[in-house]
Amino acid sequence: MTGTETRGRPRMIRTFVAWLGFLAALFLTACSTPPSLTEREGFIEVTGGRVWCRIVGSGSATPVVVLHGGPGAASDYLKPLEKLAADRPVIFYDQLGCGRSDRPADRRLWHIERFVEELSQVRRALKLKEIHLYGHSWGTMLAVDYMLTKPSGVKSLILASPCLSAKRWVEDANVLVAELPPGTQEVIRRHEKAGTTDSKEYDAAVTEYLKRHLCRLDPWPEDLVRSLSVSNMEIYKQMWGPSEFHPTGDLKTYDRVDRLREITAPTLFTAGRYDEATPGATTWYSSNLSGSTLRIFEKSSHLAMFEEQEEYVKTLREFMKRTEGR
């Protein structure tokens, strides 16, 4: 046995033991829950640690894997998508460093290539031969980069409130910031210029923006508040920046618009009328992917799954059923 094989063996054993524990957790939970409300959860070993995964539903239709936003948020805010479980398993997971997943201190883990690898590892661990793939916000970046690896068995792709060009995102954000009260605009620009974006005054100004373009409900849903409370801001700042409209991190030059044509899976784009992922940008993305479908939710901002929940879930359900019928 070579030295490399010796070093790799403990990791293989840990992975095997972790997977056995995950299967046991799924079995025990499934046995104690009525079939129509099946819910299972556990941990999956990935590069850098373990990610927490939850599967809701046991229908016979193709499972849908859900990629949350952030980067650095948690999957709690996507709970309305549980309604899709009437037809199919819905698979949520907190990306490494977020929510209930492990939080390793190694900053070298926080790059999009590792998150793409993580998605492949989750899918492989759960033996998901065929899936629908849903990404929201940062999750659309992750979903697109995963699709560009040419994975097999992805029956459809849903890109919800997408950011596929950081340059376009900033251009749109500048327009939206200019619609805020003059005093709020002044606070934002002053702190960004001074490099004091960690101030409470800047946070308050950011919140005003989010109330208009993240979620317009008042109060915010508990699942959204919970998701934000367990977010990892270190990941968010390293990969994106101090706020939605001021990217300074590694993703500030992200752009995949010219590569969308490489995606062959049926694709649905969605956005809200008041979305920070603006209808204009989302329409532009859709125009670059031949045969894709576009849906704008007229009463929503970034979180249409809360703001127009019934219509949103219906749209997703019908889209996936159509692709399965082809």
Of the residues Leu159, Leu176, only one is under 21 Å from Glu276 (Cα atoms), in contact (Cβ under 8 Å) with a residue 40 or more places away in the chain and either in a helix (DSSP H, G or I) or among the aromatic types (Phe, Trp, Tyr) (or both); which? Leu176
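Within the group Thr253, Thr264, which residue is out of contact with any Cys (no Cβ under 6 Å at 6 or more places or on another chain), of a type in the set (Val, Ile, Thr) and without any contact (Cβ under 8 Å) to a residue 24 or more places away in the chain?
Numbers: Thr253 fails: without any contact (Cβ under 8 Å) to a residue 24 or more places away in the chain.
Matching residue, one of Thr253, Thr264: Thr264.
Go through segment 62-94 and give me each residue that's in a loop (DSSP other than H, G, I, E, B) and more than 13 Å from the chain's Cα centre (by Cα). Give the derivation first.
Residues of segment 62-94 in a loop (DSSP other than H, G, I, E, B): 62-63, 68-74, 87-89, 94.
If the condition is that a residue be in a loop (DSSP other than H, G, I, E, B) and more than 13 Å from the chain's Cα centre (by Cα), then Thr62, Pro63, Asp87, Arg88, Pro89 are the ones that fit.
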Top-ranked residue in segment 274-323 [being among the β-branched types (Val, Ile, Thr) and more than 19 Å from the chain's Cα centre (by Cα); ranked as surrounded by the fewest Cβ atoms within 10 Å (Cβ to Cβ)]: Thr283
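Return the total of residues in segment 42-61 being assigned to a strand (DSSP E or B) and in contact with a Leu (Cβ under 9 Å, 6 or more places away or on another chain).
Going residue by residue through segment 42-61, those that are assigned to a strand (DSSP E or B) are 42-46, 49-56.
When the remaining residues are screened for being in contact with a Leu (Cβ under 9 Å, 6 or more places away or on another chain), the result is 42, 44, 46, 49-51, 53, 55-56.
Looking only at that region, the number is 9.
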With Thr315, Thr248, Thr278, Thr264 as the choices, which residue is within 29 Å of Asn174 (Cβ to Cβ) and assigned by TED's automatic domain parsing to the domain that holds Lys155? Thr278
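Results for (1) surrounded by fewer than 17 Cβ atoms within 10 Å (Cβ to Cβ); (2) modelled with pLDDT under 95; (3) closer than 18 Å to Phe92 by Cα; (4) more than 13 Å from the chain's Cα centre (by Cα), shown as yes or no for each residue.
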position: Leu126; (1), (2), (3), (4): no, no, yes, yes
position: His132; (1), (2), (3), (4): no, no, yes, yes
position: Gly139; (1), (2), (3), (4): no, no, yes, no
position: Val175; (1), (2), (3), (4): yes, no, no, yes
position: Glu179; (1), (2), (3), (4): yes, no, no, yes
So Phe269, is it buried (at least 22 other Cβ atoms within 10 Å of the Cβ), closer than 17 Å to Tyr134 by Cα, touching a residue at least 12 places away in the same chain (Cβ under 8 Å) and within 19 Å of the chain's Cα centre (by Cα): yes
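Residue by residue through segment 124-139, note down the ones that are within 18 Å of Thr323 (Cβ to Cβ) and in contact (Cβ under 8 Å) with a residue 40 or more places away in the chain. Even if it seems obvious, please write down each step before you answer.
Residues of segment 124-139 within 18 Å of Thr323 (Cβ to Cβ): 128-135.
Leu128, Glu130, Ile131, His132, Leu133, Tyr134, Gly135, listed by residue number.
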Scan segment 203-225 for residues that are over 21 Å from the mean Cα position of the chain (by Cα) and free of Cβ contacts under 8 Å to residues at least 12 places away in the same chain and jot them down. Asp203, Asp218, Pro219
Which one of the conditions (1) touching a residue at least 40 places away in the same chain (Cβ under 8 Å); (2) buried (at least 19 other Cβ atoms within 10 Å of the Cβ); (3) outside the structural domain of Leu316 (by TED's automatic domain parsing); (4) out of contact with any Cys (no Cβ under 8 Å at 6 or more places or on another chain) does Asn232 fail to meet, given that it meets all the rest? (4)
Residue list for segment 104-141, filter: closer than 16 Å to Val64 by Cα and hydroxyl-bearing (Ser, Thr, Tyr): Ser120, Tyr134, Thr140
Taking the stated definitions as given, is Arg114 surrounded by fewer than 19 Cβ atoms within 10 Å (Cβ to Cβ) and closer than 22 Å to Trp220 by Cβ? no
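Looking at this structure, is Thr184 outside the structural domain of Gln95 (by TED's automatic domain parsing) and among the hydroxyl-bearing types (Ser, Thr, Tyr)? Quick ask: steps written out before the conclusion?
Working: outside the structural domain of Gln95 (by TED's automatic domain parsing): yes; among the hydroxyl-bearing types (Ser, Thr, Tyr): yes.
It is true that Thr184 is outside the structural domain of Gln95 (by TED's automatic domain parsing) and among the hydroxyl-bearing types (Ser, Thr, Tyr).
Return the total of residues in segment 112-131 being in a helix (DSSP H, G or I) and on the phi > 0 side of the Ramachandran plot.
Quick first cut of segment 112-131, residues in a helix (DSSP H, G or I) only: 112-125.
Applying the additional criterion that residues be on the phi > 0 side of the Ramachandran plot yields none.
Of the residues in that region, 0 qualify.
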Only one of (1) of a type outside the set (Val, Ile, Thr); (2) free of Cβ contacts under 8 Å to residues at least 24 places away in the same chain; (3) part of a loop (DSSP other than H, G, I, E, B) fails for Gly183. Which number is that? (3)
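The values are calculated or read from the model by the stated rules, or taken from the named source; none is laboratory data. Bear in mind the structure is a predicted one, so any value in this text is a computation, not a measurement. Glycine gets a Cβ as well: all are built from the backbone with ideal geometry, and neighbour counts include every protein chain shown.
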